[in-house]
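Have a look at the structure below before the remarks.
The values are calculated or read from the model by the stated rules, or taken from the named source; none is laboratory data. All values reported here derive from a predicted model rather than from experimental measurement. Backbone-built Cβ (ideal geometry, glycine too); neighbour counts: all protein chains shown. Ligands, DNA and RNA are stripped out before the accessible areas are found, and what is left, the full protein with its side chains, is counted by its heavy atoms. Shrake-Rupley method; radii C 1.70, N 1.55, O 1.52, S 1.80 Å.
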Amino acid sequence: EAGVTQSPTHLIKTRGQQATLRCSPISGHTSVYWYQQALGLGLQFLLWYDEGEERNRGNFPPRFSGRQFPNYSSELNVNALELEDSALYLCASSRGFGGNTIYFGEGSWLTVV
Amino acid sequence: AQKVTQAQTEISVVEKEDVTLDCVYETRDTTYYLFWYKQPPSGELVFLIRRNSFDEQNEISGRYSWNFQKSTSSFNFTITASQVVDSAVYFCALANTGFQKLVFGTGTRLLVSP
């Protein structure tokens with residue numbers, strides 16, 4: 001069974017540009033989560049999608065947005081990139097919610113220059 | 001508010017030593033879930049274990065064992081006979097059933113030298 005897959009692996013963008021990161025959950029999983037791991041800031045919860053709807057959002061500005069598609073895949077958009085957006089963005093999925101195990105992908109490294 | 005504390009920032013051991021990673025959590029929920037993840041240099045978070053708040057049984061999986069104690073709000077992780085491949089950052093995390101948001105500790109970097 002394939003795990004959570006993310007693309008691209010690495011992305012370099014210029015300040016002010018937009019970045020789009022993509023995630024495919026494990027087959028059968030309906031919930032998708034996004035986490036940011038910036039240097040020195042630890043793992044921060046960004047977004048949670050389930051059945052196509054945004055269920056919860058972390059303390060991030062509105063320029064961080066995303067969506068979940070009918071096939072449960074998801075994309076994360078970051079607009080007006082700032083240098084501090086440079087981080088590892090981890091996508092995760094679970095079979096529904098309510099305490100189910102959350103499995104992570106390998107992440108997308110975003111560098112803003 | 002939920003909080004996870006991993007007081008050990010970095011631990012260095014020599015191969016074959018036993019090592020325990022500490023995790024202390026705070027939550028007001030009566031039902032919650034605790035997790036341990038391993039993050040090798042590649043970046044992927046590898047799931048190790050999930051424990052429900054109502055199940056205080058300790059668990060052993062090969063060289064790994066976990067000690068869950070609600071009385072002290074701790075969920076410690078022990079690696080027996082450590083190996084170089086165990087070198088990674090280990091994260092403890094807490095989730096409730098409502099918001100399905102993992103709250104992570106700051107992680108413990110484990111360095112196992114030959």
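Within the stretch A:85-113, being more than 13 Å from the chain's Cα centre (by Cα), of a type in the set (S, T, N, Q), farther than 20 Å from A:Asn56 by Cα and in a strand (DSSP E or B) holds for one residue alone: A:Thr111.
Considering (1) in a loop (DSSP other than H, G, I, E, B); (2) within 14 Å of chain B (Cβ to nearest Cβ), the lone condition that A:Ala80 does not fulfil carries the number (2).
Could you tell me whether A:Gly16 is modelled with pLDDT of 95 or more, over 16 Å from B:Phe47 (Cβ atoms) and open to solvent by 50 Å² or more (accessible area, probe 1.4 Å)? Spelling it out, A:Gly16 is indeed modelled with pLDDT of 95 or more, over 16 Å from B:Phe47 (Cβ atoms) and open to solvent by 50 Å² or more (accessible area, probe 1.4 Å).
Checking the stated criteria, A:Leu21 turns out to be part of a strand (DSSP E or B), more than 25 Å from B:Arg50 (Cβ to Cβ) and within 14 Å of another protein chain (Cβ to nearest Cβ). Among the conditions (1) surrounded by fewer than 21 Cβ atoms within 10 Å (Cβ to Cβ); (2) over 16 Å from B:Leu45 (Cα atoms), A:Thr9 misses just one, which is (2). Picking from residues in the stretch B:99-114 that are within 11 Å of chain A (Cβ to nearest Cβ) and either among the aromatic types (Phe, Trp, Tyr) or in contact (Cβ under 8 Å) with a residue 24 or more places away in the chain (or both), the one that is most open to solvent (accessible area, probe 1.4 Å) is B:Phe99. For the residues B:Val89, B:Val13, B:Val4, the requirement of being over 27 Å from A:Val4 (Cα atoms), modelled with pLDDT of 95 or more and in a strand (DSSP E or B) singles out B:Val13.
Considering only residues that are open to solvent by 30 Å² or more (accessible area, probe 1.4 Å), aromatic (Phe, Trp, Tyr) and either in contact with a Gly (Cβ under 6 Å, 6 or more places away or on another chain) or over 21 Å from A:Gln36 (Cα atoms) (or both), which ones fall in the stretch B:29-56?
Of everything in the stretch B:29-56, just one residue is open to solvent by 30 Å² or more (accessible area, probe 1.4 Å), aromatic (Phe, Trp, Tyr) and either in contact with a Gly (Cβ under 6 Å, 6 or more places away or on another chain) or over 21 Å from A:Gln36 (Cα atoms) (or both), namely B:Phe54.
The rows are residues; the columns are (1) touching a Gly at 6+ places or on another chain (Cβ under 8 Å); (2) at negative phi; (3) at pLDDT 95 or above.
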position	(1), (2), (3)
A:Gly40	no, no, no
A:Trp48	no, yes, no
A:Asn77	yes, yes, yes
A:Ala80	yes, no, yes
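Just wondering, is there one or more residues in the stretch B:36-55 that are more than 14 Å from chain A (Cβ to nearest Cβ) and not in a loop (DSSP other than H, G, I, E, B)?
No, because not a single residue in the stretch B:36-55 is more than 14 Å from chain A (Cβ to nearest Cβ) and not in a loop (DSSP other than H, G, I, E, B).
Here's a check for you: in the stretch B:59-98, which residue that is of a type in the set (Gly, Ala, Ser) and within 13 Å of another protein chain (Cβ to nearest Cβ) is nearest to the chain's Cα centre (by Cα)? Out of the qualifying residues, it is B:Ala93.
Do you know which of the residues in the stretch A:24-39 that are part of a strand (DSSP E or B) and within 14 Å of chain B (Cβ to nearest Cβ) is surrounded by the fewest Cβ atoms within 10 Å (Cβ to Cβ)?
A:Ala38
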